[in-house]
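What follows is one structure encoded as structure tokens, with my remarks underneath.
The values are calculated or read from the model by the stated rules, or taken from the named source; none is laboratory data. Please read all numbers here as calculations on a predicted model, not as lab measurements. Here the Cβ positions follow ideal geometry from the backbone for every residue, glycine too, while neighbour counts run over all protein chains shown. Only protein heavy atoms, including side chains, enter the accessible area calculation; ligands, DNA and RNA are left aside. Shrake-Rupley method; radii C 1.70, N 1.55, O 1.52, S 1.80 Å.
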Amino acid sequence: MLYAIGDISLRGYEVKDAEFLKKLYTDKDYEVFFRDQPHYKTMQELEQYPTVTGSTVFVIEEKNQPIGLFSLYDLRALVRSIKFGMLLDKEHQNKKIAVTVGQIICPYIFKRVGLNKLECEIVEFDTRLIASMKLWNFKVDGVNRDGAFLNGEFYNCITMSLTKKEYEET
């Protein structure tokens, strides 16, 4: 287990998590979250998800049951910056769990790993996630116009970030 606050914890992705990932991956409502990834068809591909994507993947758990995924990717060593993606299953999206995950992951990124910047890109219509990121004190860096193509339409993506200095000031 990486860290825990109350009933919420993060731990490394394991082969046993492939079934949970398949549940999320095959749900049309989550298509936006996997928009930049190739379509994984077999359980073996899903079992090797972190390896094939080049991501560091954590499973978000509540009371030791998987409820979401948190991925770190695109490390830029020179500026000590990394991007992340987070996905919670439908039953847990309105429980402020994203805020708790932020309380877990930010000390890990800034204090333990020693990075300077944590970034994310959010499709413009995901207003709940944008609001959650603002609760983490993330700032809007800009807009990637037409950065996502879903169901035959282009959507803007909001780029947000939090620096170590901003994190320490909160």
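Quick look at the values:
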quantity: Where labels lie 7 Å past Cα in the beta-carbon direction, separation of residue 99 and residue 16 in nm; calculated: 3.1
quantity: Region 78-170 - percent of accessible surface contributed by carbon and sulfur, probe 1.4 Å; calculated: 48
quantity: Whichever lysines have a C-alpha closer than 24 Å to that of residue 111, once near sequence neighbours (fewer than 8 apart) are set aside; calculated: 83, 96, 134, 139, 164, 165
quantity: Point-charge dipole on Cβ atoms (K/R +1, D/E -1) for region 119-170, about Cα centre, debye to 20; calculated: 140
quantity: Dimensions (Å) - region 68-170, Cα atoms, principal axes, largest first; calculated: 41, 32, 21
quantity: Packing-based ranking, highest mean first, of 119-130, 73-84 given that Cβ atoms within 10 Å are counted; calculated: 119-130, 73-84
